[in-house]
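The values are calculated or read from the model by the stated rules, or taken from the named source; none is laboratory data. Because the structure is predicted, anything quoted here is derived from the model rather than measured. So basically every Cβ, Gly included, is an ideal-geometry build from the backbone, and we count neighbours across all protein chains shown.
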Amino acid sequence: MRTALVPAVSGQDGAYLAKLLLEKGYKVYGTSRDAQVASFRNLQRLNIRGDLRLESVAMNDFRSVIQVLFKAQPDEIYNLAGQSSVGLSFEQPVETQDSIYLGTLNLLEAIRFMGKDIRLYNACSSECFGDLRDEIAVEETPFRPRSPYAVAKAAAFWQVSNYREAYKIFACSGILFNHESPLRPERFVTKKIVTAAHRIAKGELRELRLGNIDVQRDWGWAPEYVEAMY
């Protein structure tokens, strides 16, 4: 039986990925900042809460990261951890950098330290491309990050590349565009629109306020995205 470690298992992608891995016969370890008090609501909604081994891990603390690797002895790691809001990253740039870039670096260094054949998938973001205007992004499109979130994701992308080339670790990044599901938090635009429409219809809200409405995105379906990660 193969073992997978999924940092940030309680998020939208983590929950769907854990479900997929369990269906494929994996033993799955999931991490959260505090597994003792976290609600794991998404895992409960997918009815897999009791099928996982849950561990508390601080991704910006190398000792915490390597301890969970020694405990889980994973064959595969799917790094989904990190602060995920572009807007919030402007308010919390240091925390964003720590949770994304430093967390990724700690995973890579822990894998190198263990000396075990562990495969790492790192979730990257289309935000790394920046403002493309009318250009269509491809894998060769240069990164022009325009937010602390995007800078952190771009730095993590290149660190993964560096460890792959320098230390011959199986490590890769997937550049993800927006993807949605019923598990999406309300701070994201699709869920925000649906929730606001429902509240307006009930007379609980008068208007919906959005940020930049000129932004264009290619939206996908989260359960299909985790299949691509696998």
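Please enumerate the residues belonging to region 73-119 that are among the aromatic types (Phe, Trp, Tyr) and either more than 24 Å from Gln12 (Cβ to Cβ) or modelled with pLDDT under 95 (or both). It would help to see each step written out before you state the result.
Filtering region 73-119 for residues among the aromatic types (Phe, Trp, Tyr) gives 78, 90, 101, 113.
Result: Phe113, single match.
Per the conditions (1) more than 15 Å from the chain's Cα centre (by Cα); (2) within 26 Å of Asn178 (Cβ to Cβ); (3) assigned to a strand (DSSP E or B); (4) not β-branched (Val, Ile, Thr), the sole criterion not satisfied by Ser39 is (3). I'd like to check something: does region 146-160 contain any residue that is of a type in the set (Lys, Arg), in contact with a Gly (Cβ under 7 Å, 6 or more places away or on another chain) and over 19 Å from Leu107 (Cα atoms)? Within region 146-160, one or more residues are of a type in the set (Lys, Arg), in contact with a Gly (Cβ under 7 Å, 6 or more places away or on another chain) and over 19 Å from Leu107 (Cα atoms).
Could you pull out the residue among Ala81, Ala58, Ala38, Ala8 that is surrounded by fewer than 21 Cβ atoms within 10 Å (Cβ to Cβ), in contact with a helix residue (DSSP H, G or I) (Cβ under 6 Å, 6 or more places away or on another chain) and either under 21 Å from Glu95 (Cβ atoms) or not aliphatic (A, V, I, L, M) (or both)? Give the derivation first.
Values: Ala81 fails: surrounded by fewer than 21 Cβ atoms within 10 Å (Cβ to Cβ); Ala38 fails: in contact with a helix residue (DSSP H, G or I) (Cβ under 6 Å, 6 or more places away or on another chain); Ala8 fails: surrounded by fewer than 21 Cβ atoms within 10 Å (Cβ to Cβ).
Among Ala81, Ala58, Ala38, Ala8, only Ala58 is surrounded by fewer than 21 Cβ atoms within 10 Å (Cβ to Cβ), in contact with a helix residue (DSSP H, G or I) (Cβ under 6 Å, 6 or more places away or on another chain) and either under 21 Å from Glu95 (Cβ atoms) or not aliphatic (A, V, I, L, M) (or both).
Screening Ala154 against (1) touching a Phe, Trp or Tyr at 6+ places or on another chain (Cβ under 8 Å); (2) under 23 Å from Ser85 (Cα atoms); (3) assigned to a loop (DSSP other than H, G, I, E, B) leaves a single unmet condition, (3).
Among the residues of region 191-206, what is the count of those that are surrounded by 15 or more Cβ atoms within 10 Å (Cβ to Cβ) and not charged (D, E, K, R)?
1
Filtered by the rule that a residue be of a type in the set (A, V, I, L, M) and in contact with a strand residue (DSSP E or B) (Cβ under 9 Å, 6 or more places away or on another chain), region 16-36 gives Leu17, Ala18, Leu21, Leu22, Val28, Ala35. Listed by position, the strands (runs of 3 or more DSSP E) contained in region 45-134 that have at least 3 residues being free of Cβ contacts under 8 Å to residues at least 40 places away in the same chain and more than 20 Å from Val151 (Cα to Cα) are 53-56. Checked against (1) buried (at least 20 other Cβ atoms within 10 Å of the Cβ); (2) more than 21 Å from Ala222 (Cα to Cα); (3) basic (Lys, Arg), Lys153 passes all but condition (2). Figure legend. Inter-residue proximity from region 172-190: first residues surrounded by fewer than 19 Cβ atoms within 10 Å (Cβ to Cβ), second residues of a type in the set (Lys, Arg) and assigned to a loop (DSSP other than H, G, I, E, B), beta-carbon distance below 9 Å, spacing 6+ or different chains. Indicated pairs: Phe177/Arg217; Asn178/Arg217; Val189/Arg217; Thr190/Arg184.
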